[in-house]
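Below is one structure, written out as structure tokens; comments come after it.
Since every read-out is calculated from the coordinates, none of them should be taken as a lab result. Note that this is a predicted model, so its numbers are computed, not measured. Positions of Cβ are generated from backbone atoms using ideal geometry, with glycine treated the same way; all protein chains shown enter the neighbour counts.
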Amino acid sequence: MDLHHPILREFPEHRDTIKRLQTSDHHFRHLYDEYHRLDDSIYRIEEEIDFANDQEIDELKMRRAKLKDYIYHLIKHAPAICAACQGSGVTR
């Protein structure tokens, strides 16, 4: 059973948007990194590499779920790629 839940695997249909936001949106990148740190912490606890009580693991999982929901919101509401600038923000 795979215990990791990376964003790209959770939302494969939005791979291009996620990659674009990672490089162009500092806020998104920060949330994306925080989500993956949480996911790794939860994985380490579930694999008994690190330890936490039930309340701590539940809080981590709730925080990860809320971050995932917010990240999905940002993905769904990301501006479309500008055809003239091909996503770079600079008109060619």
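Which residue is surrounded by the most Cβ atoms within 10 Å (Cβ to Cβ), if the candidates are limited to segment 21-49 and must be charged (D, E, K, R) and more than 19 Å from LEU67 (Cβ to Cβ)?
In this case the residue turns out to be GLU47.
Yes/no per residue for (1) touching a residue at least 12 places away in the same chain (Cβ under 8 Å); (2) part of a helix (DSSP H, G or I):
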residue: ARG44; (1), (2): no, yes
residue: ASP50; (1), (2): no, no
residue: GLN55; (1), (2): no, yes
residue: MET62; (1), (2): no, yes
residue: ASP69; (1), (2): no, yes
residue: LEU74; (1), (2): yes, yes
residue: ALA80; (1), (2): no, no
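Looking at (1) more than 16 Å from HIS4 (Cβ to Cβ); (2) out of contact with any helix residue (DSSP H, G or I) (no Cβ under 9 Å at 6 or more places or on another chain); (3) not aromatic (Phe, Trp, Tyr), find the lone condition where LEU31 falls short.
Only one criterion is unmet by LEU31, namely (2).
Regarding ASP16, is this residue in a helix (DSSP H, G or I), more than 9 Å from the chain's Cα centre (by Cα) and of a type in the set (D, E, K, R)?
Against the criterion (in a helix (DSSP H, G or I), more than 9 Å from the chain's Cα centre (by Cα) and of a type in the set (D, E, K, R)), ASP16 qualifies.
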